[in-house]
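Written below as structure tokens is the structure these notes are about.
Every number here is computed from the coordinates shown, using simple stated rules; none is lab data. Predicted, not measured: the structure shown is a model, and the values here were computed from it. In this analysis, Cβ positions are derived from the backbone assuming ideal geometry, glycine residues included, and neighbour counts consider all displayed protein chains.
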Amino acid sequence: MTPINNLYNQPRMCVCGYVTSFSGSWRAHKKCCTSIQQVKETNDHWRSYDKTLRCTEQLSAKDDLKAMAEQLRAKDEQILNLTNQLQQANERLNAGTI
Ligand SMILES: [Zn+2]
């Protein structure tokens, strides 16, 4: 006779289809069930994949920032060129060459 505290209120069902209400049987099954191992491995695999994906996303975000900084630098150079041209034009204007 199995003591009542070894009995689950709800029967446990394994991913492989094994069903039991006894905690002892459940524990024993969990140790030897290959389906549970596969599920665990798949979960681990997805977790590591997720981690890799997040790292890649962070990297590409950094790349975006780099590209944006590059664009700003190019704009700065453009503005500097325009300022120079304006200054030269002003100097020529002041010198009376135009
Ligand atoms: Zn199982």
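Some points to look at:
- For the chain, the dipole from Cβ point charges (+1 on Lys and Arg, -1 on Asp and Glu) about the Cα centre works out to 780 debye, to the nearest 20.
- For the residues SER48, SER23, SER60, a GNM of the chain with alpha-carbon springs under 10 Å puts the largest fluctuation on SER23.
- In the chain, the longest principal axis of the Cα atoms and the axis of helix 23-32 are about 60 degrees apart.
- One decimal place: the segment GLN87-ASN43 gains 9.3 nm when fully extended, by the rule 0.36 nm per residue minus the C-alpha distance.
- Dipole of the chain, positive direction: furthest Cα of CYS32, ALA95, ALA74, with charges on the beta-carbon: CYS32
- Helical runs assigned H by DSSP (4 residues or longer) give the chain a calculated mean residue ellipticity at 222 nm of -27000 deg cm²/dmol, each run adding -39500 (n - 2.57) before division by the residue total.
- Rough spin-label spacing in nm, given labels placed 7 Å along Cα→Cβ, for CYS33 and ASP76: 6.1
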